[in-house]
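Worksheet for the structure shown next.
The values are calculated or read from the model by the stated rules, or taken from the named source; none is laboratory data. Just so it is clear, the model here is predicted, and its values are computed rather than measured. Positions of Cβ are backbone-derived with ideal geometry, glycine not excepted, and every protein chain shown enters the neighbour counts.
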Amino acid sequence: MTLVNAIKHESVMVLELSNPPANTYSYEMMRELDAHILSARMDESVHVLLLSGAGEKFFCAGADIAMLEKANPYFKYNDAL
């Protein structure tokens, strides 16, 4: 399942968080987001990054609580707060 959709419109790269229903983020989502951002940085035709959330209610409701319960303290302190 793709957690971040990347769609390019001319010089704009739209990155859409897609983890229904609340687009909560996880380690996997952050990895996908990082990969898309790096790809856009290396694409000379991309001048704008637009970050959005799928659905109608939430952009991103925060961290996935189930993921945080399993995460080590280092991740919680440095990446999830």
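Here Asp79, Asp34 are screened, and the one residue that is of a type in the set (Asp, Glu) and at pLDDT 80 or above is Asp34. Against the list (1) of a type in the set (D, E, K, R); (2) within 15 Å of Asn19 (Cβ to Cβ); (3) touching a residue at least 24 places away in the same chain (Cβ under 8 Å), the condition Asp43 fails is (2). Has the range 49-56 got any residue that is at pLDDT 90 or above, among the polar types (S, T, N, Q), over 17 Å from Met1 (Cβ atoms) and surrounded by 12 or more Cβ atoms within 10 Å (Cβ to Cβ)? Yes - at least one qualifying residue is present in the range 49-56. Against the criterion of being over 14 Å from the mean Cα position of the chain (by Cα), surrounded by 11 or more Cβ atoms within 10 Å (Cβ to Cβ) and in contact (Cβ under 8 Å) with a residue 12 or more places away in the chain, Met67 qualifies. Name the single residue, out of those in the range 17-43 being aliphatic (A, V, I, L, M) and not in a loop (DSSP other than H, G, I, E, B), that is surrounded by the fewest Cβ atoms within 10 Å (Cβ to Cβ). My answer is Leu38. Per this entry, Asn5 is counted among residues that are in contact (Cβ under 8 Å) with a residue 40 or more places away in the chain and surrounded by 14 or more Cβ atoms within 10 Å (Cβ to Cβ). Screening Val46, Val14 for residues that are part of a loop (DSSP other than H, G, I, E, B), among the hydrophobic types (A, V, I, L, M, F, W, C) and at pLDDT 95 or above leaves exactly one candidate, Val46. A residue that is farther than 24 Å from Phe75 by Cβ, in contact with a helix residue (DSSP H, G or I) (Cβ under 6 Å, 6 or more places away or on another chain) and free of Cβ contacts under 8 Å to residues at least 40 places away in the same chain cannot be found anywhere in the range 18-40.
Does the range 60-67 include one or more residues that are within 26 Å of Glu10 (Cα to Cα) and in a loop (DSSP other than H, G, I, E, B)? Within the range 60-67 (the criterion being within 26 Å of Glu10 (Cα to Cα) and in a loop (DSSP other than H, G, I, E, B)), the answer is yes, since at least one residue qualifies.
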